[in-house]
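Notes for the one structure printed next.
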Amino acid sequence: MTYPTFPKDCTSMLCKHLSPELFETLKDKETANGFTLEQVINSGLKNSDSEIGVYAGDEDSYEVFAPLFDKVIEAYHGFSQSDKHHSNLNADELKINGLDEGYILSTRIRVGRNVKDMPLGSAVSKEQRNEIEERVSSALNALEGELEGEYYALLGMSKNVQERLIKEHFLFKDGDRFLEYAGLNRDWPHGRGIYHNHDKTFLVWLNEEDQLRIISMQKGGDVLEVFSRLVLAMQKIEEKVPFAYSDRLGYISSCPTNLGTAMRASVHIKLPNLGENMEQFKTITEKYFLQIRGVNGEHTKSEEGIFDISNLRRLGITEVEAVQDMIDGVASLIEAEKALAEVVK
Ligand code: ADP
Ligand code: DAR
């Protein structure tokens, strides 16, 4: 492999941090699972509009290709090589500002998880992926109480059901081009599926970008109830399925943006006036380390003034701090929206 030619307008962390010198250092290395630099960077090479552009194929990738991954991790999370990750799942420590439900349509908190001692999705074999589906779906189908539900494999799911679940924000989309070129869509739809409880307030995606996405969500702005349900589910599942975890990087994920807590706490929120004042909008989101996504998730647009607002940082902060980032930032956005609404009256 020769040093890639990046487009002049490339803004991804890949093209910012993979210098010709670093490329020469890493180009012949491979992990214990045979994962190579070419596989790490392929998604960012094929998708020139990538924000990040790199994916790990196993936990070992974060060691073997550390000179590249550590630069991306520091740039995205503000987490240096000497930092260590810590966890805190104590919901009592959340400072719940009453988030005005007049603006908050729904709340969702998710974590990514990958099975200990297995390669990540980009390097896993079809047989290993099917073993993960079998092991995890069996553990999920044994859950009780509020978490009780059923697993639905994507293989054999009708297009109508799949499209309805996606439209209602419950199921992942398929055909994502960033995942495609990272090797995460191989053998699709084999081994993929969704578990959910009867109310669809607790869901688990299997074998999309990460091997598990554990999700708690509901209408309205009751962040405490959503967080508490997720914490219970994470702990119950981890009793049965050990997850890949490192003392320095926390929970291991395919994309370096999801290391650590691997937690994204989001609200769907109506901000029509701020939506017309994006400079002010972004000043607030930058101050509170928030990310703006569209109403159908990553790489989509807002519609009817509805935005998906979530914490940006996931590593080097605890789960409580990640959710607090979102709560404090959203409270500030609502205040700004109210002030703008007064002006336009
Ligand atoms: P992830 O959250 O797993 O990183 P996405 O950003 O693609 O992935 O979101 C996945 C799905 O979850 C999308 O359909 C998105 O609209 C939905 N979603 C995200 N946050 C919320 C929320 N607060 N309320 C309802 N749906 C949400
Ligand atoms: N779209 C890819 C990944 C960015 C972070 N989002 C994840 N991991 N879903 C990019 O490089 O822009």
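Just so it is clear, none of the values below were taken in a lab; they were calculated from the coordinates. Predicted model, so just to flag it, every value in this text is computed and none were measured. As a convention, Cβ positions derive from the backbone with ideal geometry for all residues, glycine included, and neighbour counts pool all protein chains shown.
Footprinting exposure proxy ranking of Leu154, Leu249, fewest other C-beta atoms within 10 angstrom first, gives Leu154, Leu249. With the helix formula -39500 (n - 2.57) applied to DSSP H stretches of n ≥ 4, the chain reaches a computed 222 nm mean residue ellipticity of -11000 deg cm²/dmol. If R0 equals 41 Å, the separation of the Cβ atoms of Asp28 and Glu279 corresponds to a calculated FRET efficiency of about 0.35. Counting beta carbons within 10 Å around each of Ile252, Ile166 and listing the fewest first gives the order Ile166, Ile252. Each 10 Å bin, from zero up to the one with the longest distance, holds this percent of the alpha carbon pairs of region 200-345: 11, 38, 34, 13, 3, 0. Sparsely packed loop sites in region 138-208 (the trypsin sites (Lys or Arg not before Pro) outside DSSP H, G, I, E and B with at most 16 other Cβ atoms within 10 Å) comprise Lys173, Lys200. For the chain, Cys255 stand unpaired, since no other cysteine beta carbon lies under 4.7 Å from theirs. Dividing the convex hull volume of the alpha-carbon atoms in region 70-126 by its residue count gives 202 Å³ per residue. Seen from every direction in turn and averaged, the convex hull around the alpha carbons of region 1-102 projects onto 10.2 nm². Cross-link pairs exceeding 30 Å between alpha carbons, from the set Lys71/Lys282; Lys27/Lys84; Lys8/Lys116: Lys8/Lys116.
Sorting the segments 254-266, 125-137 by their residues' average number of neighbouring beta-carbon atoms within 10 angstrom, most packed first, yields 254-266, 125-137. Taking other Cβ atoms within 10 Å as a rough exposure proxy, Glu93, Glu180 sort from fewest to most as Glu93, Glu180.
Count Lys and Arg as plus one, Asp and Glu as minus one, and take only other residues whose Cβ is under 11 Å from that of Asn88; the net charge is then -4. By the gyration tensor of its Cα atoms, with a ≥ b ≥ c the square roots of the eigenvalues, what is the shape of the chain: rounded for a/c under 1.5, prolate for a/b over b/c, or oblate? Cα axes put the chain in the oblate bin. Taking 1.002 mPa s as the viscosity and 20 °C as the temperature, the Stokes-Einstein diffusion coefficient of region 232-293 based on its alpha-carbon Kirkwood radius rounds to 147 µm²/s. Here region 183-213 is scanned for amide nitrogen atoms under 19 Å from the site 7 Å beyond the Cα of Glu163 along Cα-to-Cβ, giving 189. Extension gain for Glu63 to Ala339 (0.36 nm times residue separation, less C-alpha to C-alpha distance): 94.5 nm. Here region 158-238 is treated with +1 on each Lys and Arg Cβ and -1 on each Asp and Glu Cβ, and its dipole about the Cα centre works out to around 200 debye.
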